[in-house]
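Structure, as C-alpha coordinates:
The values are calculated or read from the model by the stated rules, or taken from the named source; none is laboratory data. As the structure is a computational prediction, the values presented were derived from the model and not from experiment. Glycine gets a Cβ as well: all are built from the backbone with ideal geometry, and neighbour counts include every protein chain shown.
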Amino acid sequence: MKALIFDEPNKPIVTQVQTPGITDNEVLIQSRRVGICHSDYELLAGQYIIPISYPVVPGHEWVGEVVEVGKNVDGLKPGDRVVGECVINTPERIHHFGFSMDGADREFFAARPEWLHKLPDAVDDAKGALIEPFTCGYYAVMRHGGVCAADTVVVSGGGTIGLVSAAAAIGMGARVIVVDPVPLRREIAMKLGADGTIDPTDGDPIEAVQQMTKGGADLVVECAGHPASLANVFDYARDDGNVSMVGINIGQKFPVELGKIQIKNLNVRGCIGSPGVWPAAIRFLERTGLDLSPIQTHSYNIDDAMTALELGKSPDKAVKVTLEIS
(Lines give C-alpha, C1' and ligand atoms only; values in the text may rest on other atoms or scores of the structure.)
Protein backbone atom coordinates (compact mmCIF):
# COMPACT_ATOMS: atom_id res chain seq x y z
CA MET A 1 0.00 0.00 0.00
CA LYS A 2 1.04 3.63 -0.45
CA ALA A 3 2.09 5.83 2.46
CA LEU A 4 3.47 9.30 3.02
CA ILE A 5 6.43 8.94 5.36
CA PHE A 6 8.65 11.50 7.03
CA ASP A 7 11.73 9.34 6.67
CA GLU A 8 13.82 11.75 8.72
CA PRO A 9 13.55 15.48 9.43
CA ASN A 10 13.05 17.42 6.19
CA LYS A 11 12.77 14.23 4.12
CA PRO A 12 9.18 13.37 3.11
CA ILE A 13 8.65 10.44 0.74
CA VAL A 14 5.73 8.55 -0.77
CA THR A 15 6.50 4.86 -0.93
CA GLN A 16 5.06 1.36 -0.79
CA VAL A 17 4.79 -0.30 2.63
CA GLN A 18 3.21 -3.49 3.91
CA THR A 19 -0.51 -3.45 4.67
CA PRO A 20 -0.94 -3.90 8.44
CA GLY A 21 -2.89 -6.62 10.12
CA ILE A 22 -5.09 -6.21 13.19
CA THR A 23 -5.42 -7.85 16.59
CA ASP A 24 -8.70 -9.12 18.03
CA ASN A 25 -9.11 -5.75 19.76
CA GLU A 26 -8.55 -3.53 16.72
CA VAL A 27 -10.22 -2.49 13.48
CA LEU A 28 -8.63 -1.93 10.09
CA ILE A 29 -9.31 1.52 8.63
CA GLN A 30 -9.13 2.46 4.97
CA SER A 31 -8.00 6.07 5.03
CA ARG A 32 -10.01 8.38 2.78
CA ARG A 33 -8.99 12.01 3.36
CA VAL A 34 -6.32 13.56 5.56
CA GLY A 35 -5.73 17.25 6.22
CA ILE A 36 -2.23 18.72 6.40
CA CYS A 37 -1.79 20.63 9.68
CA HIS A 38 0.73 23.26 10.75
CA SER A 39 2.01 20.78 13.34
CA ASP A 40 2.85 18.38 10.48
CA TYR A 41 5.40 20.93 9.33
CA GLU A 42 6.85 21.06 12.84
CA LEU A 43 7.09 17.28 12.74
CA LEU A 44 8.75 17.39 9.33
CA ALA A 45 11.27 19.94 10.59
CA GLY A 46 12.11 17.81 13.64
CA GLN A 47 10.63 20.44 15.95
CA TYR A 48 7.47 18.83 17.32
CA ILE A 49 6.59 19.56 20.96
CA ILE A 50 7.43 16.04 22.18
CA PRO A 51 10.37 13.78 21.20
CA ILE A 52 9.73 11.86 17.98
CA SER A 53 11.40 8.83 16.42
CA TYR A 54 11.75 8.73 12.64
CA PRO A 55 10.61 7.42 10.22
CA VAL A 56 6.99 8.25 11.00
CA VAL A 57 3.73 8.43 9.03
CA PRO A 58 2.01 11.79 9.65
CA GLY A 59 -1.70 12.47 9.50
CA HIS A 60 -3.98 13.20 12.47
CA GLU A 61 -6.84 15.07 10.72
CA TRP A 62 -8.51 12.18 8.98
CA VAL A 63 -11.68 10.41 7.93
CA GLY A 64 -11.79 6.75 6.95
CA GLU A 65 -13.89 3.63 6.60
CA VAL A 66 -13.83 0.49 8.72
CA VAL A 67 -12.98 -2.49 6.47
CA GLU A 68 -12.22 -5.21 9.02
CA VAL A 69 -13.19 -5.72 12.66
CA GLY A 70 -11.40 -7.77 15.32
CA LYS A 71 -13.49 -10.46 17.01
CA ASN A 72 -13.50 -8.67 20.38
CA VAL A 73 -14.71 -5.35 18.96
CA ASP A 74 -18.31 -4.25 19.50
CA GLY A 75 -20.12 -1.25 18.06
CA LEU A 76 -18.27 -1.03 14.77
CA LYS A 77 -18.75 -2.87 11.50
CA PRO A 78 -17.29 -2.81 7.98
CA GLY A 79 -18.61 0.19 6.10
CA ASP A 80 -18.79 2.52 9.11
CA ARG A 81 -17.20 5.89 8.44
CA VAL A 82 -15.11 7.09 11.34
CA VAL A 83 -12.81 9.82 12.58
CA GLY A 84 -10.27 9.54 15.37
CA GLU A 85 -8.83 11.57 18.20
CA CYS A 86 -5.24 12.76 18.17
CA VAL A 87 -4.16 12.19 21.78
CA ILE A 88 -4.90 8.53 22.49
CA ASN A 89 -4.25 5.84 25.06
CA THR A 90 -2.61 2.64 23.89
CA PRO A 91 -1.76 -0.36 26.08
CA GLU A 92 1.81 0.97 26.22
CA ARG A 93 1.43 4.74 26.73
CA ILE A 94 -0.32 7.96 25.76
CA HIS A 95 0.44 8.67 22.09
CA HIS A 96 -0.02 11.58 19.69
CA PHE A 97 -1.49 9.86 16.63
CA GLY A 98 0.48 10.83 13.54
CA PHE A 99 3.43 12.00 15.65
CA SER A 100 4.70 9.59 18.28
CA MET A 101 2.99 6.76 16.39
CA ASP A 102 2.19 6.32 12.70
CA GLY A 103 -0.82 8.29 11.47
CA ALA A 104 -3.39 8.20 8.68
CA ASP A 105 -1.37 9.26 5.62
CA ARG A 106 -1.44 5.68 4.31
CA GLU A 107 -4.05 3.57 2.60
CA PHE A 108 -4.77 1.33 5.60
CA PHE A 109 -4.01 1.43 9.33
CA ALA A 110 -5.04 -0.38 12.49
CA ALA A 111 -6.88 1.45 15.27
CA ARG A 112 -8.51 0.69 18.58
CA PRO A 113 -12.27 1.43 18.76
CA GLU A 114 -11.95 3.65 21.82
CA TRP A 115 -10.06 6.19 19.69
CA LEU A 116 -12.85 6.42 17.12
CA HIS A 117 -16.14 8.20 16.55
CA LYS A 118 -18.69 7.16 13.93
CA LEU A 119 -19.87 9.80 11.48
CA PRO A 120 -23.54 10.37 10.69
CA ASP A 121 -24.61 10.41 7.04
CA ALA A 122 -25.12 14.18 7.19
CA VAL A 123 -21.37 14.71 7.75
CA ASP A 124 -19.59 13.88 4.48
CA ASP A 125 -15.95 12.89 4.06
CA ALA A 126 -14.80 16.43 3.28
CA LYS A 127 -16.28 17.75 6.51
CA GLY A 128 -15.09 14.62 8.32
CA ALA A 129 -11.49 15.47 7.49
CA LEU A 130 -12.00 18.77 9.35
CA ILE A 131 -13.51 17.22 12.49
CA GLU A 132 -10.21 17.16 14.40
CA PRO A 133 -9.43 20.88 13.99
CA PHE A 134 -13.13 21.77 14.32
CA THR A 135 -13.27 20.13 17.73
CA CYS A 136 -10.45 22.44 18.86
CA GLY A 137 -12.38 25.52 17.75
CA TYR A 138 -15.61 24.20 19.24
CA TYR A 139 -13.81 23.53 22.54
CA ALA A 140 -12.37 27.06 22.58
CA VAL A 141 -15.85 28.57 22.28
CA MET A 142 -17.39 26.14 24.76
CA ARG A 143 -14.66 26.80 27.35
CA HIS A 144 -16.83 29.72 28.48
CA GLY A 145 -20.17 27.95 28.09
CA GLY A 146 -20.74 28.73 24.42
CA VAL A 147 -22.25 31.82 22.80
CA CYS A 148 -25.58 32.84 21.32
CA ALA A 149 -27.13 35.44 19.01
CA ALA A 150 -26.76 38.08 21.72
CA ASP A 151 -22.96 37.73 21.72
CA THR A 152 -20.14 39.18 19.64
CA VAL A 153 -17.03 37.07 19.17
CA VAL A 154 -13.65 38.29 17.93
CA VAL A 155 -11.28 35.65 16.55
CA SER A 156 -7.66 36.79 16.38
CA GLY A 157 -5.86 34.71 13.75
CA GLY A 158 -7.58 33.32 10.68
CA GLY A 159 -5.72 30.10 9.98
CA THR A 160 -7.55 26.79 10.12
CA ILE A 161 -8.10 26.87 13.90
CA GLY A 162 -9.22 30.48 13.81
CA LEU A 163 -11.65 29.79 10.99
CA VAL A 164 -13.19 26.71 12.61
CA SER A 165 -13.48 28.68 15.87
CA ALA A 166 -15.32 31.36 13.92
CA ALA A 167 -17.53 28.71 12.30
CA ALA A 168 -18.41 27.21 15.69
CA ALA A 169 -19.45 30.62 17.04
CA ILE A 170 -21.37 31.40 13.85
CA GLY A 171 -23.18 28.07 14.17
CA MET A 172 -24.23 29.07 17.69
CA GLY A 173 -25.71 32.27 16.32
CA ALA A 174 -23.10 34.79 17.45
CA ARG A 175 -21.87 37.82 15.53
CA VAL A 176 -18.26 37.06 14.57
CA ILE A 177 -15.37 39.29 13.54
CA VAL A 178 -12.06 37.78 12.35
CA VAL A 179 -8.74 39.64 12.63
CA ASP A 180 -6.02 38.48 10.22
CA PRO A 181 -3.55 40.15 7.83
CA VAL A 182 -3.97 37.60 5.01
CA PRO A 183 -6.65 38.54 2.43
CA LEU A 184 -7.45 34.90 1.58
CA ARG A 185 -8.25 34.11 5.21
CA ARG A 186 -10.45 37.19 5.59
CA GLU A 187 -12.28 36.25 2.40
CA ILE A 188 -12.92 32.71 3.71
CA ALA A 189 -14.14 34.09 7.03
CA MET A 190 -16.81 36.06 5.20
CA LYS A 191 -17.85 32.99 3.21
CA LEU A 192 -18.30 31.14 6.49
CA GLY A 193 -20.71 33.81 7.65
CA ALA A 194 -18.55 36.23 9.63
CA ASP A 195 -20.09 39.66 10.14
CA GLY A 196 -16.81 41.40 9.35
CA THR A 197 -13.03 41.17 9.20
CA ILE A 198 -10.12 43.38 10.20
CA ASP A 199 -6.68 43.64 8.63
CA PRO A 200 -4.39 44.34 11.63
CA THR A 201 -1.73 45.83 9.34
CA ASP A 202 -4.13 48.51 8.08
CA GLY A 203 -4.50 50.92 10.96
CA ASP A 204 -5.03 50.17 14.65
CA PRO A 205 -6.77 46.79 15.10
CA ILE A 206 -7.72 47.57 18.71
CA GLU A 207 -9.50 50.73 17.64
CA ALA A 208 -11.19 48.86 14.79
CA VAL A 209 -12.41 46.09 17.13
CA GLN A 210 -13.67 48.62 19.68
CA GLN A 211 -15.60 50.47 16.97
CA MET A 212 -17.10 47.35 15.38
CA THR A 213 -18.08 45.83 18.73
CA LYS A 214 -19.11 49.09 20.41
CA GLY A 215 -16.84 48.54 23.37
CA GLY A 216 -15.29 45.11 23.01
CA ALA A 217 -16.19 41.48 22.36
CA ASP A 218 -18.06 39.18 24.70
CA LEU A 219 -15.59 36.44 23.75
CA VAL A 220 -12.14 36.73 22.19
CA VAL A 221 -10.55 33.57 20.79
CA GLU A 222 -6.79 33.97 20.25
CA CYS A 223 -5.73 31.53 17.54
CA ALA A 224 -2.53 33.00 16.09
CA GLY A 225 0.00 32.56 18.88
CA HIS A 226 1.82 35.52 17.33
CA PRO A 227 3.16 38.17 19.72
CA ALA A 228 1.22 40.94 17.95
CA SER A 229 -2.02 39.01 18.38
CA LEU A 230 -1.32 37.91 21.95
CA ALA A 231 -0.51 41.48 22.98
CA ASN A 232 -3.90 42.74 21.77
CA VAL A 233 -6.41 40.13 22.93
CA PHE A 234 -7.16 41.75 26.28
CA ASP A 235 -7.90 45.03 24.48
CA TYR A 236 -10.30 43.26 22.12
CA ALA A 237 -12.50 42.07 25.01
CA ARG A 238 -15.15 44.12 26.79
CA ASP A 239 -15.10 44.59 30.55
CA ASP A 240 -16.12 41.30 32.24
CA GLY A 241 -15.47 39.56 28.91
CA ASN A 242 -14.07 36.12 28.17
CA VAL A 243 -10.82 35.14 26.43
CA SER A 244 -9.87 31.69 25.12
CA MET A 245 -6.16 31.23 24.44
CA VAL A 246 -5.68 28.66 21.66
CA GLY A 247 -2.68 29.82 19.63
CA ILE A 248 0.57 28.10 20.56
CA ASN A 249 3.53 30.20 21.62
CA ILE A 250 6.19 28.30 23.56
CA GLY A 251 9.37 29.85 24.89
CA GLN A 252 8.87 33.39 23.60
CA LYS A 253 8.79 36.41 25.90
CA PHE A 254 7.27 39.72 24.83
CA PRO A 255 5.58 42.73 26.46
CA VAL A 256 1.88 42.40 27.30
CA GLU A 257 -0.23 44.30 29.81
CA LEU A 258 -1.37 41.48 32.09
CA GLY A 259 -2.88 44.06 34.42
CA LYS A 260 -5.77 44.39 31.98
CA ILE A 261 -6.97 40.94 33.05
CA GLN A 262 -7.52 42.35 36.52
CA ILE A 263 -8.68 45.86 35.70
CA LYS A 264 -11.20 44.63 33.09
CA ASN A 265 -12.23 41.65 35.24
CA LEU A 266 -11.54 39.25 32.35
CA ASN A 267 -12.08 35.51 32.45
CA VAL A 268 -9.08 33.99 30.60
CA ARG A 269 -8.78 30.28 29.89
CA GLY A 270 -6.14 28.27 28.09
CA CYS A 271 -7.24 25.71 25.52
CA ILE A 272 -5.17 22.69 24.54
CA GLY A 273 -6.68 20.14 22.18
CA SER A 274 -10.35 19.22 22.47
CA PRO A 275 -10.84 16.91 25.45
CA GLY A 276 -14.30 15.44 25.87
CA VAL A 277 -16.10 17.37 23.13
CA TRP A 278 -15.85 15.10 20.08
CA PRO A 279 -19.35 13.55 20.24
CA ALA A 280 -20.96 16.95 20.87
CA ALA A 281 -18.95 18.62 18.09
CA ILE A 282 -19.99 15.94 15.59
CA ARG A 283 -23.67 16.30 16.60
CA PHE A 284 -23.28 20.07 16.27
CA LEU A 285 -22.03 19.76 12.69
CA GLU A 286 -24.77 17.26 11.87
CA ARG A 287 -27.59 19.41 13.21
CA THR A 288 -26.42 22.85 12.10
CA GLY A 289 -25.31 21.76 8.63
CA LEU A 290 -22.42 24.23 8.82
CA ASP A 291 -20.59 24.52 5.52
CA LEU A 292 -16.86 24.29 6.26
CA SER A 293 -15.85 23.74 2.63
CA PRO A 294 -14.41 27.26 2.09
CA ILE A 295 -11.62 26.33 4.54
CA GLN A 296 -10.51 23.40 2.35
CA THR A 297 -8.82 25.35 -0.39
CA HIS A 298 -6.91 22.54 -2.13
CA SER A 299 -6.99 18.76 -2.47
CA TYR A 300 -4.34 16.40 -3.87
CA ASN A 301 -3.90 12.69 -4.42
CA ILE A 302 -1.36 11.08 -2.10
CA ASP A 303 0.95 10.65 -5.12
CA ASP A 304 1.18 14.45 -5.23
CA ALA A 305 1.91 14.83 -1.51
CA MET A 306 5.16 16.73 -2.13
CA THR A 307 3.28 19.38 -4.12
CA ALA A 308 0.62 19.54 -1.41
CA LEU A 309 3.19 19.98 1.35
CA GLU A 310 4.92 22.77 -0.55
CA LEU A 311 1.67 24.64 -1.22
CA GLY A 312 0.61 24.37 2.41
CA LYS A 313 3.61 26.48 3.41
CA SER A 314 2.08 29.54 1.69
CA PRO A 315 -0.67 31.13 3.83
CA ASP A 316 -1.43 33.65 1.10
CA LYS A 317 -2.32 30.83 -1.32
CA ALA A 318 -3.86 28.06 0.80
CA VAL A 319 -5.53 27.39 4.13
CA LYS A 320 -6.35 23.70 4.46
CA VAL A 321 -4.67 21.37 1.99
CA THR A 322 -6.13 17.87 2.00
CA LEU A 323 -4.69 14.59 0.76
CA GLU A 324 -7.05 12.09 -0.88
CA ILE A 325 -5.71 8.70 0.15
CA SER A 326 -8.30 6.34 -1.34
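Kindly evaluate S31 against the criterion of being part of a strand (DSSP E or B) and either within 24 Å of the chain's Cα centre (by Cα) or of a type outside the set (V, I, T) (or both).
Working: part of a strand (DSSP E or B): yes; either within 24 Å of the chain's Cα centre (by Cα) or of a type outside the set (V, I, T) (or both): yes.
Spelling it out, S31 is indeed part of a strand (DSSP E or B) and either within 24 Å of the chain's Cα centre (by Cα) or of a type outside the set (V, I, T) (or both).
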Which residue, of I49, I5, I29, is of a type outside the set (S, T, Y), surrounded by 14 or more Cβ atoms within 10 Å (Cβ to Cβ) and within 23 Å of P91 (Cα to Cα)? I29
Name the residue, out of G241, G259, that is small (G, A, S) and surrounded by 15 or more Cβ atoms within 10 Å (Cβ to Cβ). G241
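For the subset of the range 124-160 comprising residues that are under 30 Å from M1 (Cβ atoms) and surrounded by fewer than 21 Cβ atoms within 10 Å (Cβ to Cβ), which member is nearest to the chain's Cα centre (by Cα)?
Taking the range 124-160 as the starting set, the residues that turn out to be under 30 Å from M1 (Cβ atoms) are 124-136, 160.
Narrowing further to those that are surrounded by fewer than 21 Cβ atoms within 10 Å (Cβ to Cβ): 124-126.
Working: D124: 17, D125: 16, A126: 14 Å.
Looking at the filtered set, the residue picked out is A126.
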Might you check whether a residue that is touching an Asp or Glu at 6+ places or on another chain (Cβ under 8 Å), assigned to a helix (DSSP H, G or I) and surrounded by 12 or more Cβ atoms within 10 Å (Cβ to Cβ) occurs anywhere in the range 191-200? yes
Report, ordered by the first and then the second residue, all pairs with beta carbons closer than 6 Å, sequence separation of six or more or different chains, a first member in the range 180-196 that is more than 18 Å from I206 (Cβ to Cβ), and a second member that is of a type in the set (S, T, N, Q) and not in a helix (DSSP H, G or I). A189/T197
Taking the residues in the range 249-279 that are part of a loop (DSSP other than H, G, I, E, B), without any contact (Cβ under 8 Å) to a residue 40 or more places away in the chain and hydrophobic (A, V, I, L, M, F, W, C) as candidates, determine which candidate is nearest to A237 (Cα to Cα). L266
Going through the range 215-234 in order, the residues found to be surrounded by fewer than 18 Cβ atoms within 10 Å (Cβ to Cβ) and at pLDDT 95 or above are G215
Please identify the pairs in which a residue from the range 120-134 that is free of Cβ contacts under 8 Å to residues at least 40 places away in the same chain has its Cβ atom under 9 Å from the Cβ atom of a residue that is among the aliphatic types (A, V, I, L, M) and buried (at least 17 other Cβ atoms within 10 Å of the Cβ), counting only partners at least 6 apart or on another chain. D124/V63
Residue satisfying condition, being within 21 Å of I131 (Cα to Cα), free of Cβ contacts under 8 Å to residues at least 60 places away in the same chain and crowded, with 19+ Cβ neighbours inside 10 Å, within set A208, A166: A166
Taking the conditions exactly as written (touching a helix residue (DSSP H, G or I) at 6+ places or on another chain (Cβ under 8 Å) and more than 19 Å from I325 (Cβ to Cβ)), does Y48 satisfy them or not? yes
Looking at the structure I just gave you, is A228 over 15 Å from V176 (Cα atoms), assigned by TED's automatic domain parsing to the domain that holds M172, of a type outside the set (D, E, K, R) and not in a loop (DSSP other than H, G, I, E, B)? yes
With criteria (1) under 15 Å from E26 (Cβ atoms); (2) free of Cβ contacts under 8 Å to residues at least 24 places away in the same chain; (3) in contact with a strand residue (DSSP E or B) (Cβ under 8 Å, 6 or more places away or on another chain), G79 comes up short on (1)
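Restricting to the range 56-113, what's the tally of residues that are charged (D, E, K, R) and in a strand (DSSP E or B)?
Residues in the range 56-113 being charged (D, E, K, R) and in a strand (DSSP E or B): 5 in total.
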